[in-house]
1. Report the Cα centroid-to-centroid distance between the stretch B:118-186 and the stretch B:194-242 in angstrom, as an integer.
2. Mind giving me the nanometre distance, one decimal, between the label points for A:R302 and B:K49, set 7 Å out from Cα along Cα→Cβ?
3. Between B:P73, B:P120, B:P153, where does the largest GNM mean-square fluctuation fall for chain B, given springs only between Cα atoms within less than 10 Å?
4. Taking the square root of 5 times each eigenvalue of the Cα gyration tensor, what semi-axes in Å does the equivalent ellipsoid of chain A have, largest first?
5. Hey, in the GNM for chain A with a 10 angstrom Cα cutoff, which one of A:T92, A:T337, A:T283 fluctuates hardest?
6. Provide B:I66, B:I50 ordered by accessible surface of protein heavy atoms (probe 1.4 Å), highest first.
7. What figure in square angstrom, to the nearest 10, would you give for the accessible area of B:S254 with a 1.4 Å probe?
8. Compute the accessible area per residue over the stretch A:23-103, keeping the other protein chains in place, probe 1.4 Å, unit Å².
Number of protein chains: 2
Amino acid sequence: MGAVRPTTPLDRVAGAHDAAVLAVARRGDSVSRADLARALQVTPQAISKILGRLIGRGVMTEAGTIVSGPGKPTTLYRIVPSSRRAIGLHLTRSRVRGVVVDLTGEILERRELEIGRLQPVPELIETLALEARALAEVGSGELLGAGVGMPGPVDWGEGVYRGTAQPDPWRGASIRQLLLEELGLPVLLDHDSRAALVGETWSQPGLLDDAALVLVEDGIGASLCLDGNIVRGAHSHAGEAGHTVVRMDGVPCSCGRHGCAQAEYQAALEAGDEELAARILATIVVNLVRLVDVDRVVLGGRTVYTHHSASMDAIRDALAVGLRAEPWVHVEVMLSTRGTDLIAVGAACEVLEHEYGIPQALVGPG
Amino acid sequence: MGAVRPTTPLDRVAGAHDAAVLAVARRGDSVSRADLARALQVTPQAISKILGRLIGRGVMTEAGTIVSGPGKPTTLYRIVPSSRRAIGLHLTRSRVRGVVVDLTGEILERRELEIGRLQPVPELIETLALEARALAEVGSGELLGAGVGMPGPVDWGEGVYRGTAQPDPWRGASIRQLLLEELGLPVLLDHDSRAALVGETWSQPGLLDDAALVLVEDGIGASLCLDGNIVRGAHSHAGEAGHTVVRMDGVPCSCGRHGCAQAEYQAALEAGDEELAARILATIVVNLVRLVDVDRVVLGGRTVYTHHSASMDAIRDALAVGLRAEPWVHVEVMLSTRGTDLIAVGAACEVLEHEYGIPQALVGPG
DNA sequence: GACGTAACGCAACAGCGTTGGCTTACTCTG
DNA sequence: CAGAGTAAGCCAACGCTGTTGCGTTACGTC
């Protein structure tokens, strides 16, 4: 998959610095050598070398100079968005939504396809490949790969859809491997809510270092970014906030427990009680804040858009109550900026992240 | 605080490797150069250099040789537990419990002191310093510092106890700074449940990379280790699982919300319904598993010991129900091995971790 | 006692960021 | 309108990391 393990740890130092410079460059129009030196905590001379590599790879360029007093004017640098592209596909049971994005995560083209029935796996792969190939026509930069985001238990490491207990024709499908063979491109598979969060963090690096993204589609998901790392969990099953119990002995849920947030939420909506539904969402959010202390909460997903102002108000109210003893804590609640493309864009950004993101730990004890 | 920021990123490579070798060495009796090379993914020759540094610092030594066929026998290496020490203090409103541990986290000596009333801050610092100095008499290795673990909102970065809304004489106390001035040693301050988890991870590195520690003392806390990193959160307030709502519209909690796990738990115990209390604990645990997908749950804390077998059973049952759709997921539930010393040991291990732990990310985009 | 084998050390090497000195390009002063 | 002052940026040497290639050591086997 693209990034081969470097032979030497020195490559990792370089790789991490390259990624860090790109991350800084992504969040502004142009940056100076001095800005970057400050951000990365290295000398300006080192920045010159790093920029030399990045310019050589075509992902950054000079962007004019500015004079800020006596002395040689500062050279500015900026990212070259069109230098790289990635495809993102959002797969659900009824629809495939696809996008191509540039290196900054901006959408170059979007497509949407209704699938009438649950296709068998080989047909599904072909459908995905067709969409991907159509999207690959748009734009000019090097195409890095395709990301797929879908609901349900997904094994990120293996690229396999695990499936649910109900009869499910996609259960166990090696979507990554099959699509890779079909496309001849690197493919990544991830859970929809996690893909969405990667997308949000990619376009605004550093802002969501401790954040939760609550995704309300058919079910409810919540993915976490803690200390800058997306949480995937031991079996890459993290994010099932919908199966978190908020009312013990409440309504039965498909998962076998009672009072799961998702079951209660749907029951409330079916009863027409939108206010209660919003309160349930708010309960999840405050629970998250108490548990992992995120300072930003992003709301997204098809369903939440129709009720978003009520949801946001309920969440803000609940936070005010739950945090009244800690006035120094502020939690910013916001709506996703990507609308219905959220997950497709996020899946594409997972590819960008994989190739140009900051590598995780330098070493582990095996 | 001990570890000064290295001038060059190459120091970080070295530091990370040194820490990784120590982590491997901590989990076994002795290791060979080849074992370490495999674990760290570097060449045996690099291991020789790393071991050279560590032996020079006195934290590792040769530990004989073994012959496993023809050829030169393998040299074994092991950690030198007695080479370093750290003090840990567990502070509550009524008691100070203290330990000295060696480099592997083994207890060399323990002390316990009842404090009759809520002492004002200067007196409290003196009490802590007295305990620390008494503990410092035991053992011989270099004394790295003292860690303090306490319940309630704690600012880990600043070393300040934030305090609750109720009148609280300790509120806002710069415990780290004051104790540092008193002792002339590095001091670390952390939330009790997070300290406990650091302690558990220190003595069995790698085992708890995705784990939760549920601490039941006066309140309920739950700290997380995700992908090998302890979760502290944006304001270092993570871990308040007790203020997670498990029964919307349930009994009122001191925090202002209704149906918080902690309030429900206490209500159940007061009603003599231990089975319900265990179910509440189990609900928190399954919620955690669904949300962040930990594969190990450690139970600890004063209160949980009296009910532990009922609690463990309830948790295992609830997990079996909640995860019945994912038979490939196994969550190991275990009791802390450190008993009532859990938090004091953990606080001491935070000091060891700070000095000899694997550094976090190599770089961040500032 | 000679041979094959496996662990290990030494020395040269590549590549990272750092350091100190020099060049470039601008503003300000007389 | 030169000349001084200033700040940005390049070049070359350097220290440090792990890597590589080759020689040394210490064992079992024939």
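1. 20 Å
2. For the pair A:R302/B:K49, the computed spacing is 5.6 nm.
3. B:P73
4. Working through the eigenvalues yields semi-axes of 36, 27, 18 Å.
5. Sorting by GNM fluctuation, first place goes to A:T337.
6. These residues rank, largest area first, as B:I66, B:I50.
7. 90 Å²
8. That works out to 46 Å² per residue.
The values are calculated or read from the model by the stated rules, or taken from the named source; none is laboratory data. Because the structure is a prediction, the values reported are computed rather than measured. Every residue, glycine among them, receives a Cβ derived from its backbone with ideal geometry; neighbour counts consider all protein chains shown. SASA here: full protein model, heavy atoms, side chains in, ligands and nucleic acids out. Shrake-Rupley method; radii C 1.70, N 1.55, O 1.52, S 1.80 Å.
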